[in-house]
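So the structure is just underneath, and the comments pick up after that.
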């Protein structure tokens, strides 16, 4: 099984999301999935970002290289025999390219994980927030499955409002405590998500849930 994870890592807005996404990828790799990752970023990663990725996914060597143009990456998805694309939201960059790819290839499986609402931290972040208010509902509309760590936290985000067809939603950790407020706009709550996944039982459970989702979608099964 070969899947492509698209992880946001632009301008330090998504560091907590990237840590969780790399942690998920680590679990999938350990389970035998061939996971390729592209990071949506516009500058070289800071030492802090590299350290966070190394902590979350110690077996994955994270080296920044000048990435191919997004158009080329999108074109290569089917050429390189990827079987599924997994997008982590909120994000910034290449939204139109990936959205067009899914619309032109509706049978190609797309999983979207919504981590939290986007937090306003400076003037430019207002633009990024509006970017996600535009693209997130559209990706939710075309996605085959939308996930979050648990439903209760997802329910309190804009993601819940964006997702019109609630039958697409699958919780990765349906029985976890939600007092950590995973999914709020406060980026420090990304630590809550990492705390959940650092629990071995939770980590294995979330990985197994993703494996089940991937397998069903690749086989052609659709929730709706």
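Below are the figures for this structure:
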| item | result |
| --- | --- |
| Set 159, 183: member being touching a strand residue (DSSP E or B) at 6+ places or on another chain (Cβ under 7 Å), crowded, with 17+ Cβ neighbours inside 10 Å, modelled with pLDDT under 95 and over 21 Å from residue 41 (Cα atoms) | 183 |
| Selection status of residue 216, part of a helix (DSSP H, G or I), under 23 Å from residue 134 (Cβ atoms), over 16 Å from the mean Cα position of the chain (by Cα) and modelled with pLDDT of 90 or more | no |
| Answer residue from the stretch 1-57, given it is touching a strand residue (DSSP E or B) at 6+ places or on another chain (Cβ under 7 Å) and more than 28 Å from residue 79 (Cα to Cα) and is surrounded by the most Cβ atoms within 10 Å (Cβ to Cβ) among those | 14 |
| Matching residues, the stretch 8-39, being within 19 Å of residue 108 (Cβ to Cβ) and either in a helix (DSSP H, G or I) or in contact with a helix residue (DSSP H, G or I) (Cβ under 8 Å, 6 or more places away or on another chain) (or both) | 28, 33, 35, 37, 38 |
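Listed here are the residues, each with its yes/no results for (1) under 21 Å from residue 13 (Cα atoms); (2) surrounded by 12 or more Cβ atoms within 10 Å (Cβ to Cβ); (3) modelled with pLDDT under 95.
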{"residue": "70", "(1), (2), (3)": "yes, yes, yes"}
{"residue": "80", "(1), (2), (3)": "no, no, yes"}
{"residue": "83", "(1), (2), (3)": "no, yes, no"}
{"residue": "89", "(1), (2), (3)": "yes, yes, no"}
{"residue": "102", "(1), (2), (3)": "no, yes, no"}
{"residue": "121", "(1), (2), (3)": "yes, yes, yes"}
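The values are calculated or read from the model by the stated rules, or taken from the named source; none is laboratory data. Source: prediction; values computed, not measured. Methodologically, a virtual Cβ is constructed for each residue, glycine included, from the backbone with ideal geometry; neighbour enumeration extends over all protein chains shown.
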